[in-house]
1. Taking helices (runs of 4 or more DSSP H) that fall entirely within segment B:207-324, which contain at least 2 residues that are among the basic types (Lys, Arg)?
2. Which one is modelled with the highest pLDDT among residues in segment B:423-433 that are small (Gly, Ala, Ser) and exposed (fewer than 15 other Cβ atoms within 10 Å of the Cβ)?
3. Kindly evaluate C:VAL71 against the criterion of being β-branched (Val, Ile, Thr) and over 30 Å from A:GLN90 (Cα atoms).
4. For the structure I just gave you, tell me whether A:PRO214 is open to solvent by less than 50 Å² (accessible area, probe 1.4 Å), closer than 25 Å to A:MET44 by Cβ and not in a helix (DSSP H, G or I).
5. Quick one: in segment A:69-119, of everything that is outside any helix (DSSP H, G or I) and within 22 Å of A:LEU35 (Cβ to Cβ), which residue is modelled with the lowest pLDDT?
6. Taking C:VAL20 as meeting all but one of (1) buried (at least 18 other Cβ atoms within 10 Å of the Cβ); (2) within 22 Å of C:ASN149 (Cα to Cα), write down the number of the exception.
7. Please indicate, with yes or no, whether at least one residue in segment C:225-234 is within 20 Å of A:LEU96 (Cβ to Cβ) and either within 11 Å of chain A (Cβ to nearest Cβ) or outside any helix (DSSP H, G or I) (or both).
8. Taking segment A:83-119, which residues are in contact with a Gly (Cβ under 9 Å, 6 or more places away or on another chain) and away from chain C (no Cβ under 14 Å)?
Amino acid sequence: MSILIQIIIYGLSLGMLYFLLSSGFSLIFGLMGVLNFAHGSMFMWGCYLGYILSLSTGSFLFGIIGAAVCIGVMGLVMEKWLIQPLRGNQLRQILLTFGLIYVLEELAKVIFGTRAYMQFPPEWLSGSAHIFSETVPQYRLFMIFAGVIVFLLMTLLLKKTKLGMIIRAGTDKPRMVQAIGINVARIFSITFALGCALAGLGGAIATPFLGAYPTIDMEQVFNAIAVVIIGGVGSFTGAFYASVILGFISYITSYFVPELSMASTLLAMLVVVMIRPNGLFGGKTSEN
Amino acid sequence: MKSAMKKSYRYIALVLAILMIGALALAGCNKSEPAAGSSAAPAAGSSEAAEEPEVTGPPIKIGLLNETSGAYEQWGKMELQGFFSGLYYATDGTMAIDGRPLEVIVEDTTCDVGVGVQKATKLLEDDKVDILSGTCISSIALAVMDMAAEKGVPYVINCAASDDITGANFNEYTFRTGRNLTMAAEAGLGFLNEDEIEGTTWVVLAPDYAGGRSGGESLGAGVEARGGKVLDYIYPPMDCTDFTSYIQKIKSLNPDYLCAAIVGNNFIVKFPQQLKELGALDNGMQYVTSIADFDFLKTVGEAGIGQIGEALYHYNCWDTPANDALIQIHQELYNGEYPDFWAGESFVGAQAIVLGIQKAGGTDGQAFIKALEGLEFESVKGTYIIRAEDHQALQPMAVGRIISDGNGGATVEAAAIIPLEGMTFPVTAPGRA
Amino acid sequence: MKTKNKLVLALALLAAVLVVPALIGSSYIHSIIITICIYSIFAISYDLLLGYTGIVSFGHTVYFGVAAYVVAFTTVKLHWPFLAAVGMVIVVCVAISFIFSLVTLRTKNVYFSMVTMAIGQLFYVMSTKLYAITGGDDGLPGVKSIFPNKTVFYIAAVLILVCVYLFSKRLVNSPAGRVLQGVKENDARIGMLGYNTFKFKSIVIQISGLLAGLAGILYVNLNGIATPSILNSSMTLQILFMVILGGVGTLHGPVIGAAIMQIASIVLSGFTTRWMLIFGIGFVVVMLFFPKGVAGVFDRFSQPNQLRKE
């Protein structure tokens, strides 16, 4: 019974982390066809900024919201100056984001140094909760809570607002959207910024759990890729479910078969590719 | 019009890029000094030298492979600074041996094996160094030691810790003055007396790789030999970021001691953070782990106070004349900085090199080997003996405890010192036992 | 530039590269040239995929790394003779090509890229996990070079590079090579013309895999050790940089790219410890303004009056 609770709580909290990391990635890829390999770098910068902002303002909430906003702005700038000029050439865009990985990582080392930063959860989240005789840190519950809230808000955005409608239309039928005269460039910019902001938020929330250090970018980019493949490109709900599944898989393998845990994410992705190349939850076909 | 503008943008960017690279190239050419600036490589004959010794022979060339840039550049800096401090100390500030000035050529490995081999080629074949030293990265050391042996050049390793260097991959030209992983693991128990271990329960945790597994096993064997009981061995993958499931297992086992052996950078910060977060330490379980460098202390800060474990080197743990000299010289040469972590090891390596050359009366490879085998000398941690069988330096080891430094940060005190006689790990070099 | 002049220039360059370093006599310079040749061969093999067939694989370093490990394991642990080790490398590379070919069937475009990246990462994980076989993080040391000294090695490396280049040039200009370039332009249409595109793609994957394996064999000969770092995604990125920087789809571009990156990293790392930052910025600039790479810039200068293809 205790193991079950553990798997649910810890697998879910890890899954929420993956969701925050990859939801932006999936959105950007789905709508714009841009595979932003520097997405892990955005997440990493979210870790650093979340830490710095919480420390300097003394407010954890301000830290994570602030980090999300900053990374969103960073994404906006990146999109305007670097991605947009290369619109139409997917390969060059991807390759450019590769270069950005180096730039962002080295900048982080220059500004923050090469050491790791440890952050502890804020006072009001440092206790433990009791769930059916299992003691669970409050912060894990917060991670689950945050992930679910973001999912609900984003789903609302996508389903109920005009912007969301355009994004969904643009994901399914990009040429139609252009044909009816919508300023596609602006939508792209907003979506990209939003996707990056989500990653920044994820990073800031992850820091009390993972810490902040310069190799997070490469560590996490594979998780993002796995979520998108398993969940299906362009499917936001798919990203959510895939993240949760991946979170469970990670926890279960590391508990029962630790030798496989390093490879479990990759193996899961390869299995899905072989059985259902379009992802478990639908999503677009690979034509853009 | 638009495409013409775009064209000129391109050419401007190209010209700028070429200018930038050209400027950097011109500035960067012909540099065999460390990139960290001249402060890292003090010239011989600084103000502390009593008098200029007369030169009676050709310079002695020492090649130092160093991680000056790359992921481990902090470690490279420590090794470099400790090394020069050691040379300084061993030559009484003259930077010369028997009238022959020391010429140290430092080359950056950039933490890459290929580059390390290239630079070693340069030092061994072009610069024709008499003695080679350096590198913290075991794979570079393993590759280079074969090259040095082929050229008949002695290679003194200060930091790289893989057991294979003086074990399975042994060759007679290689020496190591730093400690190996097995020594580190066994030292982890040193703060407890035998009777304190008897009857206690342990869980041993180590990263899942050859060094971690063997280190973990040595530790477990040490515990059982003293009457303790190892409840489980746990080996998370080396790049593990989420230790939750392992910590849950540990909590359910509820041992008296949790010993994390041979932990790398990844474990050393995240693991205790998650241990604390999951309340694993609330039941009185004592957490034993390696204590690392200043960055580590800065990161764990006050949260780390109370942690006990093997401390490779912290300047506060040792009360020997050599250690005092190391601190003093290091601060003079490097802007008041305290020697950190690897500096304590490379100081000894430099000292051993000087002693070896002095005893051998020159830089002949075979004579140097004979001089170092079995050499006993006093250095930072007390008495060192370079074991003749496998060229590994036996040395006292410290078990440190993290304490408050009175300023909101953390420092280390010696909880126990394991004397030289306590180093009993076997010789694993093939055919040398 | 006229073909005859190009040939003369190429031969002059070759003579210079062979003779001048021998005269300088620095083993360090020799080892740098060998490294450039190794990465050039690796990069050319990658260009065959990327530039000519349009297969964007981010797992190409698997061949390179596995070849190095196979040689290290068979010669050091099993004491096989060198030729037997090479034979094993060929077998293994063909087997791996088979896996990658299968992947091309299931996935397209960007999916393919992501999956190949995952496969590459999987091999990296295996190299650190299976430490009983691979030596884990420290790697497998002890490989003896088949060349007696660096001078012989570098001459051999240059000659091997020339052979690889000529072979690849022959391949892309052959009728089969034209089919491949057609595949890059429009896979479906070539299929409709009656060509078995899968067969052609498999062959090119195999050839480029074998060439990358060759580079791996030379690498482990030079460095004497096989480490997980050559299977890492950062190695994939480096080779990608070399090909793109030099000029994708040109075959001589990758060589230029390899040379630039080697020399730049040596020069830059002597100047600042943050040289990767400069690399990254340089790469971003290239992607934005010079998609055809360095080779593209020179091509522009040599064809001032003709219509330029875009």
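The values are calculated or read from the model by the stated rules, or taken from the named source; none is laboratory data. As the structure is a computational prediction, the values presented were derived from the model and not from experiment. Cβ: placed from backbone, ideal geometry, glycine included. Neighbour counts: every protein chain shown. For the accessible areas, the whole protein counts, side chains as well, though only heavy atoms, and no ligand, DNA or RNA atoms are used. Shrake-Rupley method; radii C 1.70, N 1.55, O 1.52, S 1.80 Å.
1. On the way: elements: B:210-225, B:244-253, B:265-277, B:294-300.
The qualifying helices (runs of 4 or more DSSP H) are B:244-253, B:265-277.
2. B:GLY431
3. On the way: β-branched (Val, Ile, Thr): yes; over 30 Å from A:GLN90 (Cα atoms): yes.
Criteria met by C:VAL71.
4. Working: open to solvent by less than 50 Å² (accessible area, probe 1.4 Å): yes; closer than 25 Å to A:MET44 by Cβ: yes; not in a helix (DSSP H, G or I): yes.
Spelling it out, A:PRO214 is indeed open to solvent by less than 50 Å² (accessible area, probe 1.4 Å), closer than 25 Å to A:MET44 by Cβ and not in a helix (DSSP H, G or I).
5. Restricting attention to segment A:69-119, the residues satisfying the condition of being outside any helix (DSSP H, G or I) are A:87-89, A:113-119.
Still in the running and within 22 Å of A:LEU35 (Cβ to Cβ): A:87-89.
Details: A:ARG87: 81, A:GLY88: 76, A:ASN89: 79.
Here the answer is A:GLY88.
6. (1)
7. Step one: filter segment C:225-234 for residues within 20 Å of A:LEU96 (Cβ to Cβ), giving C:233-234.
Imposing the further condition that a residue be either within 11 Å of chain A (Cβ to nearest Cβ) or outside any helix (DSSP H, G or I) (or both) reduces the set to C:233-234.
Checking segment C:225-234: at least one residue is within 20 Å of A:LEU96 (Cβ to Cβ) and either within 11 Å of chain A (Cβ to nearest Cβ) or outside any helix (DSSP H, G or I) (or both).
8. Scanning segment A:83-119 gives A:ALA116, A:TYR117, A:MET118, A:GLN119.
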